[in-house]
Amino acid sequence: MPDRLDITWIALIGLALATILLPPLMPIPLLGNALLLIFAAIKGRRIALDFMDLRAAPALWRGLVSAWILIVAVFAWLASAVVALI
């Protein structure tokens, strides 16, 4: 039976492949950027929780790291949206 790190590793590979294969299929670039950043945020959270072992850390640290990942993804998407609209 695979443990949590194996499952996370497989999920990261799947998300990386989706990141490579999905952009050419997206008709709207802004939607494609949003989807890629969602994948990146999911990968970042899985890495933080499982490989950095924050799953066993206090809820405050998990929340701060998750919020940081989300804020970075949102600002990256806003930057791409501004560039797309200019």
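The values are calculated or read from the model by the stated rules, or taken from the named source; none is laboratory data. This is a predicted model, so every value here is computed, not measured. Cβ placement follows ideal geometry from the backbone for every residue including glycine, while neighbour counts extend to all protein chains displayed. To get the accessible areas, we keep the full protein, side chains included, count just its heavy atoms, and leave off ligands, DNA and RNA. Shrake-Rupley method; radii C 1.70, N 1.55, O 1.52, S 1.80 Å.
Using only DSSP helix segments of four residues or longer, with each worth -39500 (n - 2.57), what per-residue ellipticity at 222 nm results for the chain after dividing by its residue count and rounding to 500?
Counting only the DSSP helices, I get -25500 deg cm²/dmol.
Please list, in order, the residues from region 10-27 whose amide nitrogen is less than 17 Å from a point placed 7 Å along the Cα→Cβ vector of PHE51.
Counting only backbone N, you get 10-20.
In whole Hz and in residue order, list the ³J(HN,Hα) couplings for region 4-18 that follow from phi through the Karplus curve 6.51 cos²θ - 1.76 cosθ + 1.60, θ = phi - 60°; x for Gly and Pro.
4, 5, 5, 5, 5, 4, 5, 5, 5, 5, x, 5, 5, 5, 5
What list of ³J(HN,Hα) values in whole Hz, one per residue of region 73-85 in order, does the Karplus curve 6.51 cos²θ - 1.76 cosθ + 1.60 (θ = phi - 60°) give from phi, with Gly and Pro shown as x?
Going residue by residue, I get 5, 5, 5, 5, 5, 4, 5, 5, 5, 5, 5, 5, 7 Hz, with x marking Gly and Pro.
With the other protein chains left in place, how much accessible area per residue, in square angstrom, belongs to region 1-77 at a 1.4 angstrom probe?
70 Å²
At 10 °C and 1.306 mPa s, what whole-number value in µm²/s does Stokes-Einstein give for the translational diffusion of the chain, with Rh from the Kirkwood sum over Cα pairs?
112 µm²/s
Computing the accessible area with a 1.4 Å probe over protein heavy atoms, can you report the carbon and sulfur percentage for the chain?
Summing carbon and sulfur atoms, their accessible area is 79 percent of the total for the chain.
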